[in-house]
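The values are calculated or read from the model by the stated rules, or taken from the named source; none is laboratory data. Nothing here was measured: the structure is a model prediction, and the numbers come from that model. Virtual Cβ from ideal backbone geometry, glycine too; neighbours counted across all protein chains shown. Just the protein is used for accessible areas: all its heavy atoms, side chains included, with ligands, DNA and RNA removed. Shrake-Rupley method; radii C 1.70, N 1.55, O 1.52, S 1.80 Å.
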Amino acid sequence: MLAVDRNPRAVGIARFNARLNALDNVECREGDLFAPVEDCRFDLVVSNPPFVISPEANYIYRDSGRQGDEICRAIVREVPALLREGGYCQILCNWAHLAGQEWPARLAGWFAGSGCDAWVMRSETLDAPGYAALWIRHTERKEGPGLDDQFQRWLAYYQQQGIEAVSSGVICMRRRSGGRGNWFRADDAPPQMRGPAGESIVQGFQIRDLLETLPDPQSLLRRKFRVSPHVRLQQSLQPADSAWLLAQQQLQLTAGLPYAGELDPYMADLLVHCDGRSTLEELVREMAASMGQDLPRLTVHCAEILRRLIEQGFLLPVDEESHS
Ligand SMILES: C[S@@+](CC[C@H](N)C(=O)[O-])C[C@H]1O[C@@H](n2cnc3c(N)ncnc32)[C@H](O)[C@@H]1O
């Protein structure tokens, strides 16, 4: 394992920590971005760069000294050359929302021609004043005129750069050459992380590979899925006419990427019947019959919800060879 940092103190502390924890497979190198490892190839690169977007260059942990979100774009552009085929890169990132541009389209441009599939998970978006206040508060504790001057300087910088808001999140990339072109996806991250999610990320890449190969949205319904063992359904009941009435159903993943959301009782019933033996199409047909609903209309409605449940990991694809 190779660890790189531009700050000699950070490199020294990382070496000390490795020895303290009796790790003999960590080598620490000092230098700028990938310069100290340019001849190496990796299965995994992780980066927590100084991503804060500001006019300042005071703190090496926070300020890259580059314009806007250029530090994250530079990592995205440079890392593919260091990844082995199938290798992953994960970057904690802040990116700018520029006036007149949709952020997913702008970010997609970062990956064009990279030879990598890219999955961006957005955690939060703050408008420019909210973002400036958050990060100024990280370092400046005292009230006073200096604080307001600093705030105005940050806002003037955003205005000059055309930055209206800033999002934070994680970028996941996987090197994949040959065959079909690379894909780009932008999603919202789960509201809160609960623990390691590496397996869910790899699974998420596999699911997105599958979705990319489908000739049309309907063909997803011709496949078989099984409900994830980590799915839980929480029901809230409210009193009504001396009985308990279902008020809300909350679906939750308890491991990996812990997505959550409301689900109506019919969809919850369909979900629990996904045991890998029937296609989604067959299950929707049974649901239409039991509800006396128009099948084509219900199919369109269900296809959208099922796709989201699949993307978020509530439903897992089955290997159809072994279940036929
Ligand atoms: C947000 S801190 C992350 C610290 C630590 N690696 C972690 O993940 O908790 C950013 C780190 O990037 C280092 N850094 C800043 N600019 C860099 C550059 N151009 N090349 C390499 N490291 C850099 C800083 O010294 C700092 O240690």
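Tabulated results
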quantity	calculated
CD proxy at 222 nm, helix term only [per DSSP H run n ≥ 4: -39500 (n - 2.57); per residue of the chain; nearest 500]	-11000 deg cm²/dmol
Residue of VAL300, VAL76, VAL170 that the Gaussian network model of the chain assigns the largest fluctuation, springs spanning Cα pairs under 10 Å	VAL300
Segments 51-62, 82-93 sorted - mean Cβ within 10 Å per residue, highest first	82-93, 51-62
Length released on extending from ASP127 to GLN218, taking residue separation times 0.36 nm less the Cα-Cα span	29.0 nm
Under 5 Å, built H, 5+ apart or other chain: amide partners of GLY87	ARG175
Largest-first principal axis extents of the Cα set of the range 157-275 (Å)	60, 45, 29
Solvent-accessible area per residue for the range 55-110 (1.4 angstrom probe, square angstrom)	44 Å²
Considering only the chain, percent of DSSP beta bridges that pair antiparallel, nearest 5	75 percent
In Hz, Karplus ³J(HN,Hα) per residue of the range 96-104 (6.51, -1.76, 1.60; θ = phi - 60°; x = Gly, Pro)	8, 9, 8, 3, x, 10, 6, 4, x
Solvent-accessible area, 1.4 Å probe, carbon plus sulfur percent, for the range 41-189	51 percent
Largest-first ordering by accessible area, 1.4 Å probe, given options PHE184, PHE111	PHE184, PHE111
Area accessible to solvent at TRP103, 1.4 Å probe radius, in Å²	30 Å²
Helix axis angle, 145-161 relative to the chain longest principal axis, alpha carbon, degrees	70 degrees
Descending principal axes extents, the range 41-189, alpha-carbon based, whole Å	58, 31, 24
Solvent exposure of the range 124-207 as accessible area per residue, Å², 1.4 Å probe	57 Å²
Estimated FRET transfer efficiency when R0 is 35 angstrom, pair GLU286-GLN101 (beta carbons, to 0.05)	0.20
Relative contact order, percent, the chain [alpha-carbon distance under 8 Å, six or more residues apart]	14 percent
Pairwise FRET efficiency - GLU78 versus ALA156, Cβ, R0 = 25 Å, nearest 0.05	0.25
The chain: radius of gyration over Cα atoms, expressed as a fraction of 2.2 N^0.38 Å	1.20
List CYS40, CYS302, ordered by accessible area with a 1.4 Å probe, largest first	CYS40, CYS302
ILE136 accessible area, assembled protein chains, probe 1.4 Å, Å²	10 Å²
Solvent-accessible area of THR125 with every protein chain in place, 1.4 Å probe, in Å² to the nearest 10	60 Å²
Along each principal axis, Cα extent of the range 222-292, largest first, Å	42, 37, 14
